[in-house]
Amino acid sequence: MKVITSIKEMQALVKEIKKDKSIGFVPTMGYLHEGHIQLMQEARLENDTVVVSIFVNPLQFGPNDDYDSYPRDFERDQNICSSEGVDIIFHPSAEEMYPSPLSVKALVQRRTNVLCGESRPGHFDGVATVLTKLFNIVQPERVYLGMKDAQQVAVVEGLISDFNFPINLIPVGTVREEDGLAKSSRNIRLAPEEREEAPELYRSLLLAKELLEAGERSKEVVIAKMKKHIEEKTTGIIDYVEIYSFPELEEYERLEGKIIIALAVKFANARLIDNLVLTVE
């Protein structure tokens, strides 16, 4: 396994690889967990070469976000990648990726005015900007993203489509703990009592699924029952509980077709997100 920190070196290596091999790409901000491992395993099955980027992107952090405190442990990440058969880790510094102020940045026009995007203006502009750079550097045939951050998947689907990147986006299902909690690097910030409560977020999504399967089609009713469950079962503060079309992330008059049920809940030192994407007949 190679660790590359230089853009020019990465581009030169990609040029050689692409003569006769495919590249599967897993973009990450490091502090890898089982969700990332699932992405690597999917990429390993479908590509000759697997590239994982580890880069905490400053552009997607707002002034009140946790860029400096975002967990980092490159040695641990390197060991995980090696054990999963990753061929290349691309690990540039912020100075390597942004040696000077950018003259051009991506501006995401749709799919960002709801869910996490509503409370984090500019976040997905930063995501789209860094992925545009990474896609041009790594030039993968396939890119693998986890559905835990479904809004990011929706935004990246639009980025790939709108800018005609010759890349297939492969969404991979959310990896969960045995009790249902979606795996996340932020879970380590939960206090013990909060960790016990956190699986109730997923249970509220399952409650919504049960209501829909029983014939409920009022978005307001489903959301109200989810909020009641979360408020009664946890000490977390609800940021949002919403239902939209997917991947368009647009309002529904009546719940039908492919939808996303999504939530965000703030605990003392961690904001957790989760979702279900399903088709309603």
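Every number in this text was worked out from the coordinates using simple rules, so none of it is lab data. Keep in mind that this is a model prediction, so the values were computed, not measured. Ideal geometry is used to build each Cβ from the backbone, glycine not excepted, and the neighbour counts take in all protein chains shown.
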* Just the Cα atoms of segment 185-280, one point each, no solvent: what log10 I(q)/I(0) does Debye give at q = 0.12 Å⁻¹? -> -0.37
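If you place +1 on the Cβ of every Lys and Arg and -1 on the Cβ of every Asp and Glu, how big does the dipole about the Cα centre of segment 185-280 come out, in debye to the nearest 20?
Around 200 debye, computed over segment 185-280.
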* So, in nm, how far is label Leu278 from label Glu34 when the simple model puts each one 7 Å beyond its Cα toward the Cβ? -> 2.2
* Asked: How large is ³J(HN,Hα) for each residue in segment 36-46, as worked out from phi by the Karplus curve 6.51 cos²θ - 1.76 cosθ + 1.60 (θ = phi - 60°), to whole Hz, x for Gly and Pro?
  -> 5, 4, 4, 5, 4, 5, 4, 5, 5, 5, 10
* Asked: Ordered by residue, what ³J(HN,Hα) values in Hz, to whole numbers, does segment 272-281 give under the Karplus form 6.51 cos²θ - 1.76 cosθ + 1.60, where θ = phi - 60° and Gly and Pro are x?
  -> 9, 10, 7, 6, 10, 10, 8, 10, 9, 6
* Structure fact -> To the nearest 10 degrees, the tilt of helix 150-162 (Cα long axis) against the first principal axis of the alpha carbons of the chain is 50
* Mind grabbing the base-10 log of I(q)/I(0) for segment 1-89 at q = 0.13 Å⁻¹? Debye formula, identical points on the C-alpha positions, no solvent, two decimal places. => -0.46
* Give or take rounding to whole Å, what are the principal axis extents of the alpha carbon atoms in segment 105-163, in descending order? -> 31, 25, 16
* **Net dipole in debye of the chain [+1 Lys, Arg Cβ; -1 Asp, Glu Cβ; about Cα centre; nearest 20]** => 520
* Residues whose placed amide H lies under 5 Å from that of Val3, excluding near-sequence neighbours -> Ile89
* Asked: Once the convex hull of the C-alpha atoms of the chain is built, how many Å³ does it hold per residue, rounded to a whole number?
  -> 137
* How big is the Rg/Rh ratio for segment 64-208, C-alpha atoms only, Rh by Kirkwood, two decimals? -> 0.97
* Structure fact -> Most exposed first, judged by fewest Cβ atoms within 10 angstrom, Ser204, Ser100 run Ser100, Ser204
* Using only Cα atoms, find the angle between the long axis of helix 7-17 and the longest principal axis of the chain, and express it within 0 to 90 degrees, rounded to the nearest 10. => 80
* Quick one: of Lys19/Lys105; Lys21/Lys148; Lys148/Lys228; Lys105/Lys258; Lys8/Lys148, which pairs are farther than 27 Å apart, Cα to Cα? => Lys19/Lys105; Lys21/Lys148; Lys105/Lys258; Lys8/Lys148
* Counting only DSSP beta bridges with both residues in the chain, what percent are antiparallel, rounded to the nearest 5? -> 50
* Asked: If you take the beta carbon distance between Ala214 and Glu193 as r and set R0 to 35 Å, what does 1/(1 + (r/R0)^6) give as a FRET efficiency, to the nearest 0.05?
  -> 0.60
* **Using alpha-carbon coordinates, inclination of helix 219-233 to the longest axis of the chain, degrees** => 90
* Asked: When the Karplus curve 6.51 cos²θ - 1.76 cosθ + 1.60 is applied with θ = phi - 60°, which whole-Hz ³J(HN,Hα) does each residue of segment 81-97 get, with x for Gly and Pro?
  -> 4, 4, 5, 9, x, 5, 8, 9, 9, 9, 10, x, 7, 4, 5, 5, 6
